[in-house]
Amino acid sequence: MKNNNTFITLILLVLFSVNYGNSQKKDQLIKPNVIIFYADDLGWQDVELNDLDEPCAWDTPNIAALAKDAINFTNGYSPAPTCAPSRSALLSGLHPAKTGITNVSGGGIPKARRNEKYMSPYYPEGLMPEHFTIAEALKMNGYRTGHVGKWHAGALQIQESTNQGFDFAHESRGVHQRSRKSDRLHSFATNDANDPFRLSEEKYFPFTKENPNGISYPIDAVTENALEFIQNNKEEPFFLYLAHWMVHYPIHTRNRALLDYYVDKLGVELPEEDTEWTKEGQNNPYFGAMVTTLDWSLGRVIDLLKKTDDPRNPGKKLYETTYIIFSSDNGGAETRRAEVMSDNAPLDKGKKYSEEGGIRVPMLISGPNIPKGKTKDVLINQLDYYPTILNLTNSKIPAEYRSDLDGLDVSGVLLHNENEVKDNNGNPREDLWWHYPYGDDVKNQSAIRSGDYKLYKNFNSGNYVLHRLYKDGKRYDLEEKYDISKKEPEITKELASKLEKYLEDYDAKLPYKVPSKFKNDEDAAAIPVIVNDAFNAKSRKVSIQLEKGKSNVIESYALVKISDSKKVRKVKSTYIKVPVEVGSNKLEYTFTVPKEAKEYGIILIDENRFIVKGEFHKVK
């Protein structure tokens with residue numbers, strides 16, 4: 001399934017055992033544990049780490065405490081401005097443009113949205129069996145692997161977390177679960193023994209005049225299952241991917257005492273009816289309660305690590321032998337419809353945007369031999385986690401997967417106080433880039449961060465925009481207010497050339513023109529026309545014939561619909577790409593429909609970026 005047969009796996013494990021034993025004798029090191037604590041939609045300014053201009057309104061004492069034992073990366077970035085692409089990139093170590101997973105809710109036939117002249121390109125729903133995840137890599141090297149919380153990297157059976165390297169999975173929403181019929185003014189946890197979210201006997205932050213001993217928190221199945229996984233697997237090295245559903249919409253809390261705390265702290269009043277919160281800034285008490293609940297969950301995990309002996313390393317607690325990576329899948333979501341959730345200022349925009357507010361995220365890394373309480377401003381991307389974890393755990397994987405990783409090993413920065421991230425040849429990192437070809441005229445763009453500068457290419461207009469975020473080591477235009485592309489033509493040209501090369505090298509998919517929105521375009525008359533579309537049931541081969549004299553096709557692929565087996569309770573489906581053979585005259589296209597496919601059709605893109613969709617046929 002991953003081309004790593006049993007023989008290769010055994011050889012790697014034998015090599016690992018020899019190297020592990022030798023390293024123990026030499027350096028008295030053990031195989032460390034790894035925890036990735038991954039928040040959802042938590043902004044760079046939503047925690048008490050990177051306060052700029054105005055201090056963060058949300059209390060995150062456990063995150064702040066972890067920072068004292070960690071390196072805080074102030075230039076930490078997610079691979080994408082939305083959820084599924086970042087999660088898939090973190091797990092696979094591959095850039096979203098390489099996997100094609102560049103947005104959420106993929107696996108559909110490209111469709112035009114009302115009032116939009118450009119159509120989003122096809123993108124898959126999530127990871128497939130051919131992707132080799134960090135869980136599979138660590139499992140190959142003797143780790144117990146667990147996933148708790150949000151998956152969002154594929155919904156088919158073959159895409160489930162337990163088919164992507166995880167021994168254990170618990171994927172409920174926990175305390176974030178909310179009934180559609182409930183309202184957030186009344187759906188609070190109680191002390192009733194039959195309440196699935198009943199309040200804890202233990203007391204936690206905040207400690208106030210009204211509650212000097214702290215407050216209770218509702219039971220959270222996500223947190224409890226994470227703690228259980230640690231307890232059950234501490235006898236072996238373990239990898240825990242704890243991906244919280246918070247602080248994603250819906251914005252609510254089951255903790256009445258915590259909500260009241262934020263109402264008092266922010267000096268606001270709850271409405272008499274459950275309506276959307278519209279006061280701007282960091283003033284939403286529901287959101288504040290969610291952030292602090294997320295922080296509480298991290299505190300529970302760290303408390304367990306600090307109290308628990310490491311059975312593989314006598315005399316040490318698990319906290320001393322575990323690497324903890326804390327971050328978020330994308331920048332903060334500031335609003336949803338009329339609801340104001342938070343504020344990313346001074347960063348511009350938020351989730352779904354490639355501006356700083358959408359991709360710069362809180363990032364802490366702690367663990368054995370990592371300096372405590374340090375801050376680094378080097379460029380770090382979550383794509384770096386995969387190769388870094390391999391190095392920190394002395395894990396080996398087949399060369400075909402190792403060479404394909406898009407991130408860099410940052411262990412030199414973590415362990416040796418290096419001030420630059422370097423590639424395998426010792427060259428310092430120069431830039432990071434993002435690709436998000438979706439949405440309106442503002443969102444639909446790619447971006448590159450290179451040193452102090454950030455450049456955008458807008459796909460609708462074709463224009464470049466350049467900002468200088470820093471100057472001489474100090475904040476300059478972090479708000480991205482001033483486009484200096486005309487004042488700095490050489491820098492614009494240099495970064496545009498770099499970005500264009502990335503787009504070409506990764507075969508990044510670009511938006512398509514919607515023919516009906518360009519009727520007056522002279523190129524619209526030359527859009528390719530399908531004159532024959534035939535299916536041979538015996539060979540399962542589809543033959544497509546185009547009319548002569550039309551514009552050239554520069555991209556072609558087939559989409560076929562596959563589904564779960566009917567044995568599951570809820571059958572799910574998705575469209576996947578199938579390669580197309582192009583005839584020498586570029587007028588004939590053929591492809592074979594897989595036996596498991598339920599439906600098929602062809603997609604053609606011409607030299608003017610117009611899309612032609614063939615008819616989609618159900619397979620009988």
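The values are calculated or read from the model by the stated rules, or taken from the named source; none is laboratory data. Small disclaimer: the values here were computed from a predicted structure and weren't measured. We place every Cβ from the backbone using ideal geometry, glycine too, and count neighbours over all the protein chains shown.
Here region 30-89 is the region considered, the condition is being of a type in the set (A, V, I, L, M) and part of a loop (DSSP other than H, G, I, E, B), and the residue that is surrounded by the fewest Cβ atoms within 10 Å (Cβ to Cβ) is Ile30. For Gly350, the criteria (1) out of contact with any helix residue (DSSP H, G or I) (no Cβ under 6 Å at 6 or more places or on another chain); (2) part of a loop (DSSP other than H, G, I, E, B); (3) crowded, with 23+ Cβ neighbours inside 10 Å; (4) not aromatic (Phe, Trp, Tyr) hold in every case but one, which is (1).
Working carefully through the options Asp310, Asp303, Asp295, find the one that is within 22 Å of Asn33 (Cβ to Cβ), in the same structural domain as His252 (by TED's automatic domain parsing), surrounded by 14 or more Cβ atoms within 10 Å (Cβ to Cβ) and within 25 Å of the chain's Cα centre (by Cα). Walk me through how you get there before you give the answer.
Numbers: Asp310 fails: within 25 Å of the chain's Cα centre (by Cα); Asp303 fails: within 25 Å of the chain's Cα centre (by Cα).
Within the list Asp310, Asp303, Asp295, the selection yields Asp295.
Of everything listed in (1) hydrophobic (A, V, I, L, M, F, W, C); (2) in a helix (DSSP H, G or I); (3) surrounded by fewer than 22 Cβ atoms within 10 Å (Cβ to Cβ), the single unmet condition for Trp277 is (2).
Against the definition (in a loop (DSSP other than H, G, I, E, B), among the charged types (D, E, K, R) and touching a residue at least 24 places away in the same chain (Cβ under 8 Å)), how does Glu116 come out, yes or no? Spelling it out, Glu116 is indeed in a loop (DSSP other than H, G, I, E, B), among the charged types (D, E, K, R) and touching a residue at least 24 places away in the same chain (Cβ under 8 Å).
Consider region 186-206 and keep the residues that are surrounded by 14 or more Cβ atoms within 10 Å (Cβ to Cβ) and among the hydrophobic types (A, V, I, L, M, F, W, C). The one that is farthest from Ala257 (Cα to Cα) is Phe197.
Going by the structure shown, is Gly93 out of contact with any Ser or Thr (no Cβ under 7 Å at 6 or more places or on another chain), surrounded by fewer than 18 Cβ atoms within 10 Å (Cβ to Cβ), touching a residue at least 60 places away in the same chain (Cβ under 8 Å) and at positive phi? No; evaluated as a whole, the condition is false for this residue. The set of residues from region 141-172 being surrounded by fewer than 24 Cβ atoms within 10 Å (Cβ to Cβ) and either assigned to a helix (DSSP H, G or I) or not assigned by TED's automatic domain parsing to the domain that holds Val104 (or both) comprises Gln157, Ile158, Gln159, Thr162, Asn163. Listed by first and then second residue, the pairs with beta-carbon distance under 8 Å, at least 6 apart or on different chains, first residue in region 182-193 and within 10 Å of Thr253 (Cα to Cα) and in contact (Cβ under 8 Å) with a residue 40 or more places away in the chain, second among the small types (Gly, Ala, Ser) and loosely packed, with under 14 Cβ neighbours inside 10 Å, are Ser187/Ser179. Taking region 437-463, which residues are surrounded by fewer than 19 Cβ atoms within 10 Å (Cβ to Cβ) and on the phi < 0 side of the Ramachandran plot? The answer is Asp440, Asp441, Val442, Ser450, Asp452, Asn458, Asn460, Ser461, Asn463.
Check every one of the strands (runs of 3 or more DSSP E) wholly within region 502-620 and list those with 1 or more residues that are surrounded by 11 or more Cβ atoms within 10 Å (Cβ to Cβ), touching a Pro at 6+ places or on another chain (Cβ under 7 Å) and of a type in the set (A, V, I, L, M).
541-546, 553-563, 573-578, 599-606, 611-613
Listed by first and then second residue, the pairs with beta-carbon distance under 6 Å, at least 6 apart or on different chains, first residue in region 262-286 and on the phi < 0 side of the Ramachandran plot and assigned by TED's automatic domain parsing to the domain that holds Ala338, second part of a loop (DSSP other than H, G, I, E, B) and among the acidic types (Asp, Glu), are Asp274/Asp183; Gln282/Asp343. Applying the criterion of at least 2 residues that are out of contact with any Gly (no Cβ under 8 Å at 6 or more places or on another chain), closer than 23 Å to Ala67 by Cα and modelled with pLDDT of 95 or more to the helices (runs of 4 or more DSSP H) found wholly in region 369-484 leaves 385-392, 411-416.
When Ala333 is evaluated against the numbered criteria (1) assigned to a loop (DSSP other than H, G, I, E, B); (2) surrounded by fewer than 19 Cβ atoms within 10 Å (Cβ to Cβ), which criterion, by number, is the only one it fails? Among (1) assigned to a loop (DSSP other than H, G, I, E, B); (2) surrounded by fewer than 19 Cβ atoms within 10 Å (Cβ to Cβ), the lone unmet condition for Ala333 is (2).
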